[in-house]
1. Taking every pair of alpha-carbon atoms in the chain, what share in percent sits in each 10 Å bin, from 0 to the bin with the longest distance?
2. With +1 assigned to the C-beta of every Lys and Arg and -1 to the C-beta of every Asp and Glu, and no other charges, what is the dipole magnitude of the chain about the Cα centre in debye, to the nearest 20?
3. What is the distance, in nm, between label points placed 7 Å from the Cα along the Cα-to-Cβ direction at Glu164 and at Leu94?
4. What does the helix-only formula give at 222 nm for the chain: each DSSP H stretch with n ≥ 4 adding -39500 (n - 2.57), the total divided by the residues, and the result rounded to the nearest 500 deg cm²/dmol?
5. Can you tell me the 0 to 90 degree angle between the C-alpha axis of helix 113-126 and the longest principal axis of the chain, rounded to 10?
6. If you count, for each residue, the other Cβ atoms within 10 Å and average over each peptide, how do 142-149, 119-126 line up from highest to lowest?
7. Once you place label points 7 Å from the Cα toward the Cβ at Asn38 and Trp102, how far apart are they in nm?
8. When the Cα atoms of region 1-81 are enclosed in a convex hull and the volume is divided per residue, what value in Å³ results?
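Computed from the coordinates by the stated procedures, all read-outs in this text should not be read as laboratory data. Everything numeric here is computed off the predicted structure, so don't read it as measured data. Please note: Cβ atoms are built from the backbone with ideal geometry, for glycine as well, and neighbour counts cover all protein chains shown.
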Amino acid sequence: MDPAARSTDVVVDLEVNGRREVHTVPARTLLVHFLRENLGLTGTHVGCDTTQCGACTVELDGVAVKSCTVLAAQAAGSSVRTIEDVSLGTENGLDPVQQAFWDEHGLQCGFCTPGMVLAVRQLLRDNPKPTDDEVRHGIDGNLCRCTGYQNIVAAALKAASTQEPATTKATSTAKAD
């Protein structure tokens, strides 16, 4: 490796899905590429690389963010949760939002689904009982080219109706403790 190129590398030390990860990467590495290329977590999708589609959504310190807008180095010291971790420890292998997507046919090709699920989880943490319009507003940064959104909205409303109010805010921080 060229010595000049090495000088632009950074050490990224963060927690991903409950595991500490320490990797040396080029300073300009986006979090989405770090997750996919360095950790093999390909559930976080690259759709546009311009923050338009939401397919790269992850939870960063309990807040849904588009990982194509965050440098891996900016996430150092943080806790990242990807779609791969969302259903771990659940009785049937699906998080309540994922189950609602399944029940309401809120996916077709599935490319947008990881980002949509994480966006809906954020929406329900912020607003445990959203209206149809509030769901549409809550997912407006996530694009789906297959479903027409109605089933995604129905899934979000179903997930809201099945969640226990006491767990909606605490869900994002429970993993970090």
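1. 10, 38, 33, 13, 4, 1
2. Value, rounded to 20: 160 debye.
3. 2.0 nm
4. Here the helix-only value at 222 nm equals -8500 deg cm²/dmol.
5. Approximately 70 degrees, to the nearest ten.
6. Averaged packing, sorted descending, gives the order 119-126, 142-149.
7. Going from the Asn38 label point to the Trp102 one covers 3.3 nm.
8. 86 Å³
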